[in-house]
Amino acid sequence: MRKDIPGNFRRHLSARRTLPDANEISAYLTLRSLLAGSILCAIIAIGAPYGRQIIKGTAMALTSATPAAFFLFFIFLLLVQPLLGACKQSWRLGHGELITIFIMMMVASAIPTKGVTGLLLPIITGTYYYASPENKWAELVHPHLPDWLVVKDLEAVRGFYEGTGGPIPWASWLPPLLAWLIFYAAFYLTLICLGVLLRRQWVERERLTYPLAQVPLAMVEECSRPSGSSPFFKNWVMWMGFALPFFLSSLAALGPYLPQIGGPNLTATIPFLAPGVSLRFALNFLLLGLAYFISAGVSFSLWFFYLLHQIQESSIYHMGIRSAEDLGRWTEAGMGHQMMGALIVLVAASLWRGRQHFASLLRHSWKRGELLDDSAEIMSYRQALVGFIAGLAGMWVWLWQSGIPAWIAPIFLAAGLIIFIGLARIIAETGLPIIKATMIPAGFVVSSVGVPALGVKGMLATGYTMVWCGDLLVFMMAPLTNGLRLSDTVAGRRRLLFWGIVLAMLIALTLSVWYTIALAYRHGSVNLQLLQSYAEEPSRFAVAKLEDPSGPSPSGYLWMGGGGLVMMLLLWARTKLFWWPLHPLGFVVSHGRVMDGIWFTIFAAWLIKVLILKYGGVATYRKISPFFLGMVLGQIAAGGCWLLVDGFAGTVGNRIPLYY
């Protein structure tokens with residue numbers, strides 16, 4: 001006789017089938033991880049300015065690789081996590097919690113120095129402090145600046161640059177700071193939503209490698225198990241890789257303490273074909289470790305196209321066709337146009353490649369019948385699309401109110417997005433810790449529409465766009481895209497991660513701005529690393545163009561078209577010719593300002609990888625991988641540890657190079 005299973009027991013069996021296993025539980029995001037992440041973000045917001053402005057030591061928050069986040073994460077996993085487990089097993093943080101903390105720290109690291117604070121504060125004050133009868137800024141610039149755009153109180157400005165030791169005049173600072181906070185709220189909302197819209201295409205459909213994400217993923221492997229630490233930290237191969245850069249960097253860092261001890265010189269420069277053009281041979285262990293995980297085709301193309309670019313530069317010099325057009329501090333006329341043309345084609349091709357995904361995304365956002373699973377995202381696709389449009393609209397209104405003509409403001413936004421998307425994709429695919437464009441929106445717009453179209457107010461406002469898209473040593477889009485890649489391993493309430501990112505941004509922005517201003521009023525910013533050239537650039541650039549106004553640049557369009565055409569041919573060859581060895585990314589990256597210092601390290605990583613795969617095979621490549629991950633951590637740990645030592649010892653200017 002058949003008997004039914006009792007209802008209570010049936011429900012119990014059903015519940016057992018739906019219970020997550022231990023690994024899934026450890027991947028959950030929790031409120032305590034947001035709290036821990038907030039504390040570490042506050043440390044970065046204060047520590048990064050202190051290390052750069054007072055200690056003047058190793059720059060831990062000056063690249064898009066966010067070394068400060070890696071260093072604190074390394075210390076947390078090595079010391080704090082085992083201590084928590086020793087006190088109580090349930091206190092140990094799980095995989096998802098640790099990844100959440102790391103994402104928040106990456107985001108926070110992109111703000112305290114040149115990401116925001118190090119540019120914002122000198123730029124919104126410099127035009128008044130450095131005004132003189134010779135530069136005529138008082139007559140040509142100051143009457144046209146909106147009251148809310150800059151700090152106009154001369155005494156407040158003088159105190160910032162020269163130091164007073166007294167209270168900070170916040171009444172003079174708050175209006176422009178709040179105005180810029182509104183801009184950054186719209187700007188960062190745009191970038192977060194854009195990252196969500198791109199994540200699935202880049203991570204799941206195109207499967208970009210994200211070398212920067214490999215290090216934290218290896219560090220947290222099985223981190224929540226009772227033994228208390230990841231197998232990564234018990235791998236002797238990793239520690240061998242760690243020891244090499246840590247030891248050599250420590251030898252160099254001992255110089256101020258023991259002058260008789262010095263580290264090896266890993267840099268040499270030789271002239272190359274033309275005056276002003278040279279080849280720099282430098283070995284950097286952080287980049288060597290990351291470049292090991294770049295595909296051999298991409299790494300070959302990076303150094304090969306760089307050498308071709310140097311030949312092109314030499315040829316241009318000998319033919320005398322170099323452009324002398326002044327497009328600002330961070331734009332190179334000619335080569336900058338060529339890179340911009342290549343970036344436009346790269347981004348357009350990336351969007352075209354994902355057209356099916358983006359079409360489904362749009363239908364899902366506006367038609368309830370179209371189903372597209374967005375549960376893996378930190379916000380729904382509909383929210384991301386609305387947020388993206390709202391953020392762009394907010395930025396457009398802000399730029400318009402600052403003085404840029406309403407019809408030109410979208411050109412600024414389009415140029416900025418192309419640069420951010422293009423550079424973020426390059427970092428996602430190559431893992432380069434640093435890459436800079438040789439053209440920024442200010443130079444692009446001036447060259448494209450001309451000074452008369454901008455007018456006096458528009459030209460002055462153009463200079464202030466350099467705050468958010470000027471020196472791109474570190475920019476928010478890079479840590480966001482890497483963070484969203486890492487979010488794949490976070491389970492549970494993944495939408496909570498959006499608020500974790502927002503919280504990290506808010507903490508880093510408010511604390512770093514407050515602390516840097518406090519340091520300036522105590523020591524005088526002229527004695528800090530808040531560069532005079534940054535403070536002067538908006539007014540210098542605007543006055544130079546207003547005194548010698550130029551229209552749209554035909555040569556700029558030709559250079560841009562040439563760069564775009566070469567990029568299209570390379571993309572065509574890559575997809576149509578199976579034997580074609582060159583990756584198009586190499587052409588874009590070859591224009592970057594920092595390739596001079598890193599090309600040889602990329603070449604070395606390529607050569608090592610090719611030899612290992614040829615003579616040892618894939619198995620050997622995988623066995624040796626921890627060695628190169630250890631290299632990355634060893635270089636960063638050396639910089640962070642010696643920064644702490646220098647801080648306690650009072651040593652100033654003892655810098656370990658992290659990127660070149």
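The values are calculated or read from the model by the stated rules, or taken from the named source; none is laboratory data. The shown structure was predicted, so the numbers you read here are calculated from the model rather than taken from an experiment. Backbone-built Cβ (ideal geometry, glycine too); neighbour counts: all protein chains shown. Note: areas computed on protein heavy atoms with side chains; ligands, DNA, RNA excluded. Shrake-Rupley method; radii C 1.70, N 1.55, O 1.52, S 1.80 Å.
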Which whole-number percentage describes the relative contact order of the chain, with Cα contacts under 8 Å and a sequence gap of 6 or more?
33
How high is the FRET efficiency from R655 to R32, r the C-beta distance, R0 25 Å, rounded to 0.05?
0.10
Where does the charge balance sit around P122 when Lys and Arg score +1, Asp and Glu -1, over other residues with C-beta under 10 Å from its C-beta?
-2
Contact order relative to length of region 104-177, as percent, for alpha carbon pairs under 8 angstrom and 6 or more apart:
26
Counting only other residues whose beta carbon sits under 12 Å from that of A349, what net charge do I get with K and R as +1, D and E as -1?
+3
How much area per residue is accessible in the chain when the probe is 1.4 Å and only protein heavy atoms are counted (Å²)?
40
Surrounding charge for L497, neighbours by C-beta under 13 angstrom, Lys/Arg +1, Asp/Glu -1, total +2
Centre separation in Å (Cα based) which lies between region 122-191 and region 576-594:
42
Hey, which of these cross-link pairs are over 32 Å Cα-Cα: K56/K234; K152/K545; K436/K609?
K56/K234
Just one of (i) 98, 39, 19; (ii) 39, 30, 29; (iii) 77, 27, 23 is semi-axes √(5λ) of the Cα gyration tensor in Å calculated from these coordinates, so which is it?
(ii)
The simple spin-label model distance between R355 and E221, using points 7 Å out along Cα→Cβ, in nm, is 4.1
For q = 0.11, 0.15, 0.19 Å⁻¹, what log10 I(q)/I(0) does region 55-207 give under the Debye formula with an equal point scatterer on each alpha carbon and no solvent?
-0.70, -1.00, -1.21
Leaving out ligands, DNA and RNA, what percent of the accessible area of region 406-547 is carbon and sulfur, probe 1.4 Å?
63
In nm, to one decimal, how far is the E155 label point from the I261 one, both placed 7 Å along Cα→Cβ?
5.2
Quick check on packing: order 325-333, 203-211 by the mean number of other C-beta atoms within 10 Å, highest mean leading.
325-333, 203-211
Here the FRET efficiency for I75 versus Y615, based on Cβ atoms and R0 = 41 Å and rounded to 0.05, is 0.65
Relative to the longest principal axis of the chain, what angle (0 to 90°, nearest 10) does the C-alpha long axis of helix 236-253 take?
30
Which whole-angstrom value gives the distance between the alpha carbon centres of region 511-569 and region 35-73?
24
To the nearest 10 square angstrom, how much accessible area does D147 have with a 1.4 angstrom probe?
110
If you find the alpha carbon centre of region 363-418 and of region 637-657, how far apart are they in angstrom?
42
With a 1.4 Å probe and every protein chain kept in, tell me what percent of the accessible surface of region 111-154 is carbon plus sulfur.
57
May I ask you to derive the relative contact order of region 536-654, considering only C-alpha pairs under 8 Å and at least 6 residues apart, and to give it as an integer percent?
9
Using a 7 Å offset from the Cα along the Cα-to-Cβ direction at both Q532 and D147, what is the distance between the two label points in nm, to one decimal?
3.2
